[in-house]
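The values are calculated or read from the model by the stated rules, or taken from the named source; none is laboratory data. Small disclaimer: the values here were computed from a predicted structure and weren't measured. All Cβ positions, even for glycine, are placed from backbone atoms using ideal geometry, and neighbour counts span all protein chains on display. What goes into the accessible areas is simple: the full protein's heavy atoms, side chains included, and nothing from ligands, DNA or RNA. Shrake-Rupley method; radii C 1.70, N 1.55, O 1.52, S 1.80 Å.
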Amino acid sequence: MSEQVTLTIDHHVLSVPKGMLIVDAAKQAGIDIPVFCYHPKMEPVGMCRMCLVEIGRPLINRETGQPVIRADGNPEIRFGPKLETACTTPVADGMVVRTTTDAVQQARNNVLEFILTSHPLDCPICDKGGECPLQNLTMAHGSATSRFDFSEKMHSQKHVSLGDLIYLDRERCIQCGRCVRFQHDVVADPVLAFHQRGRKLEIITSSEPGFDSIFSGNTTDICPVGALTTADFRFGARPWEMNKAASICEHCPVGCNTVNNVRREAKSGGRNVIKRVMPRQNEAVNEIWMCDKGRFGYHYAEQPQRLTMPMIRKNGQLQEATWEEALALAAKQFSKHKERLISLVSGRLSNEDLFNIRQFNNGWQGILYNTFGGGDLTNQVGVGKGTNLKDIGPETVILIAASDLHNEAPVWWLRIKQAAERGAKVISWHPRSTRSDEFATLSLRYAYGKEIDAVKGLLKKDGVNAATDVQAAQALLNEAENVIIFLGGEGMGIAQSNVVAHYLAEYLLDAHHTGKPNNGLVMVWPHANTQGAWDMGFKPVENLSAAVEKGEVIYIAGADPAGDDPQLAAVLKERAFVVVQELFLTETAKLANVVFPVQAKAEREGTYTSGERRVQRYYPAVDATQGTRPDFAVAAQIGLQMGLELIDTSASVIMKQISRQIERYEVISYPKLANTEQQWPIIGRSDLYYGGTMYENNQGLGMQLETFADRKAALNVVLPNTPLPLTVPAGYLVAYPTTVLYDLGAMLIDTPLLKNRLESKAVWMNPKTAEQLSLSHDHPAQLIVFEQKIQVNLRLEAELPEDCVVIPRSMGIPLFGPVAVKIQALKPEMDK
């Protein structure tokens, strides 16, 4: 418990932590002090003067150093001659604050009058109307008249494109500085700045391309006026016209809490459509922030290419069929070949979907479509229940291993950056530089392909004297009270990552960094529910083509292996029967015998399990596309025709089954997942001026799972075999996989708003390597991988080794781990 001080605000006596600002202390007591420039997630600057209050302090006897006591036994309070800013003044013992006196009210009126001198009166057409702090505070504290001459009103540019996602209305801007400070102080992307002085002061972008930040959308949430708007929502709807539905972001393992704002529209045939995605407060997950991928990457669900009818292959062609016909055919083939039935699923599915698919459990194999392993270890050494990155400080060491968090899980990157600012020690362990190096205590490098040797050296498993920087990292780990490891799959496949994960798990066990808050292993998975897939019993395999070849019937849900790998496409063509559940007619769906159209996440309810092993619930936001069904219902309806007892009506009922059958999920239920508690800072739609337009959390904070170590269970971590070295033919190089934020996956590629941010199909290499191969960065090349020829661009990175190349995943290039590739210049006729 921190030291408390007692003060009085408007006759309310309260005790708050020492060092708290007056504006925050008042907020805790339910007393509103209006602000524009202040935000509880940023350092105060006292720019707008809207929070001026009267402050009295106990009169101190200079001789004794003690407060002067009046005859009634109370200390003598001496008020200052001037008003003071509540956003920059810390509380003190015995302090008395007045927020409603005539002098305070007049000051607020004057500040608003000054702000409105050049603010346009366009509330009826402003996107912020209805959720605008300036509008609300003007109604509460402003005057109906102004002393300023209308002819002196400043006029500025109205529609300034700061970038492809954010627009600025300079006439509405009140120069509070929230956006500039957020970009500079919170997310370390100082791409906005003030320009000019006096009444000509304005916001500009200083980056090329403009507003080059993956967190840009958050500035529109904290802007207290309608100066900043998203290109997605601008002139799209009014706040009071929209309904809200709580959701969970589907793009990465962080599990950011969100809200889908929806409205029924004539242009959509009277259907509800999502107008915007907003952050929802969860201080243990994403606090009140989200990245732009999560904010703008929802349009896939409303694409006209969505499947709406089941399809059956007849005479070699896929033709539309009835649900009854398609279900009967699938059930017949599943029953006939149940001993050679293989399912292939991804972390795009919910826990309820995965559980139902898992029930076809006799004689078949459940395969997780994933590029790296280690998920079985998180049940044993995953972060302990109660882990919260917001609580981490000098007592904790965070090891970021083989992961570019800024691209793979941006909000984790942001929260670890903030932990480092609070004193946490961060070790960035990666084969190339990443943005984690900016705040890392130590940045360690290892060569691509040497991950296993490097982790053995880091953890003293090889008996070799370590380099100086590695010794420094070892010292940090040895001295740490808490250790959290974030492990990704940079440069590795399943075989390599399994070994690295096991060594890290052994270290956590031996060092007793398991089974308690802020200790353990976090896997940086590629999808939102990859951890849930592991928990439901699915695992990846090293040789997916060989595994699929053993099956006679292949059941695929939420994955497109044929679109990722021509070898897998060839294998699927040879299978007797392929069933696919999908949103679109993907390359895999085109090869299927039966295709079932399924609902998007926004059209249904379910749960995801995040990388921190927190189970969270999402709710339906829009009406389901006609003719579609949830994945869990499709699986259940096939099973019911096979005599299996499966639930096809409700995800919440399936969760009850999960809690009875899946270890560690015993305590999970939909009502418990909907529980909430008071969070700080207090964010709410009733006082938008304080926190912004993000939503308070009334729909559930989720529940974090226990690990085996929480129960003091026996742990037996078996080290897998070290993979054999890769054979590299003459003239070939080794390609290592990496992950980029804006890939060419199906959930992003048809989002027009993000088109300019999508990565190109490219190979990253050292400039000297390109020179040796007679390649140029401004001319396409040909990549040969698994006998497939792919045209690619080149991205030259001087820090990359000369004996290898790096290729991003999910770019239409078959890459599931290190692989030998050949790169050559395109011949003129090929270039055409």
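Any chance you could list P(r) for the range 558-637, counting all Cα-Cα pairs in 10 angstrom bins from zero, rounded to whole %?
So the P(r) values, bin by bin, are 17, 38, 31, 14.
Could you give the Stokes-Einstein D for the range 680-832 in µm² per second, using the C-alpha Kirkwood radius, 25 °C, 0.890 mPa s?
Once the numbers are plugged in, D ends up at 124 µm²/s.
What's the ranking of 176-182, 129-135 by average number of surrounding C-beta atoms within 10 Å, highest first?
Packing order, densest peptide first, comes out as 176-182, 129-135.
Return the whole-Å distance between the Cα centroid of the range 101-128 and the Cα centroid of the range 408-486.
50 Å
Just to be sure I understand: of the beta bridges DSSP finds with both ends in the chain, what percent are antiparallel, rounded to 5?
55 percent
When ligands, DNA and RNA are left out and all protein chains stay put, how many square angstrom of accessible area per residue does the chain have with a 1.4 Å probe?
In whole numbers, the chain has 40 Å² accessible per residue.
How big is the shadow of the Cα convex hull of the range 293-351, averaged over all directions, in nm²?
6.6 nm²
What ratio of Cα Rg to 2.2 N^0.38 Å holds for the range 249-330?
Taking the Cα Rg and dividing by 2.2 N^0.38 Å, one obtains 1.57.
Relative contact order of the range 575-633: what whole-number percent is it, with Cα pairs under 8 angstrom and at least 6 residues apart?
30 percent
Given the DSSP H assignment, sum -39500 (n - 2.57) over each helix run of at least 4 residues in the chain and divide by its residue total; what's the result at 222 nm in deg cm²/dmol, nearest 500?
Helices in the chain give a 222 nm mean residue ellipticity of -6000 deg cm²/dmol.
Determine the principal axes of the Cα atoms in the range 188-231, then give the extent along each, sorted from largest to smallest and rounded to whole angstroms.
Between the extreme Cα coordinates on each principal axis of the range 188-231 lie 30, 24, 19 Å.
Just to verify a number: FRET efficiency for residue 479 and residue 740, C-beta to C-beta distance, R0 = 35 Å, to 0.05?
0.50
Rounding to the nearest 10 and keeping the result within 0 to 90°, find how far the Cα-based axis of helix 631-641 lies from the longest principal axis of the chain.
Taking the Cα atoms of the chain, the angle to 631-641 is about 40 degrees.
Cα atoms only, the range 730-774: Rg and Dmax in Å?
14.4, 43
Taking 45 Å as R0, compute the FRET efficiency from the Cβ-Cβ separation of residue 60 and residue 685 and round it to 0.05.
My answer for the efficiency is 0.55.
Roughly to the nearest percent, how much of the accessible area of the chain is carbon and sulfur, given a 1.4 Å probe?
Carbon-and-sulfur percentage of accessible area, whole number: 49.
Please list the three semi-axes, largest first and in whole Å, of the ellipsoid equivalent to the chain, using sqrt of 5 times the eigenvalues of its alpha carbon gyration tensor.
49, 31, 29
In Å³ and rounded to a whole number, note down the convex hull volume per residue for the Cα atoms of the range 97-184.
About 138 Å³ per residue, rounded to a whole number.
Would you mind calculating the relative contact order of the range 1-115 from Cα pairs under 8 angstrom and at least 6 residues apart, reporting the percent as a whole number?
Relative CO of the range 1-115 lands at 34 percent.
Work the Kirkwood hydrodynamic radius out for the range 751-832: mean of 1/r over every pair of different alpha-carbon atoms, inverted, in Å.
Kirkwood radius, the range 751-832: 13.4 Å.
Give the ranking of 98, 435, 197 by solvent-accessible surface, highest area first, calculated with a 1.4 Å probe.
Largest accessible area first, the list is 197, 98, 435.
Please state, as a whole number in µm²/s, the translational diffusion coefficient that the Stokes-Einstein equation yields for the range 375-459 at 37 °C and 0.692 mPa s, with Rh defined as the Kirkwood radius across alpha carbon pairs.
240 µm²/s
Could you tell me which of the pairs 417/672; 390/425; 539/755 are separated by over 26 angstrom between their Cα atoms in the structure shown?
On the way: 417/672 31 Å; 390/425 14 Å; 539/755 33 Å.
In this structure, 417/672; 539/755 exceed 26 Å between Cα atoms.
Can you give the angle from 0 to 90° between the axis of helix 468-479 and the longest principal axis of the chain, with both taken from C-alpha atoms, to the nearest 10?
Long axis of 468-479 versus the principal axis of the chain: about 70 degrees.
Place the peptides 366-376, 165-175, 772-782, 314-324 in order of packing, highest mean first, counting for every residue the other Cβ atoms within 10 Å and averaging per peptide.
On the way: 366-376: 23.8, 165-175: 21.7, 772-782: 14.6, 314-324: 11.5.
Those peptides, ordered most packed to least, come out 366-376, 165-175, 772-782, 314-324.
Taking one equal scatterer on every alpha-carbon of the range 211-257, how large is log10 of I(q)/I(0) by Debye at q = 0.14, 0.21, 0.25 1/Å?
Values, matching the q order: -0.49, -1.03, -1.19.
Sorted from largest down, what three extents in whole angstroms do the Cα atoms of the range 459-541 have along their principal axes?
Rounded to whole Å, the extents work out to 40, 29, 18 Å.
If you count only protein heavy atoms and use a 1.4 Å probe, how large is the accessible surface of residue 195, to the nearest 10 Å²?
80 Å²
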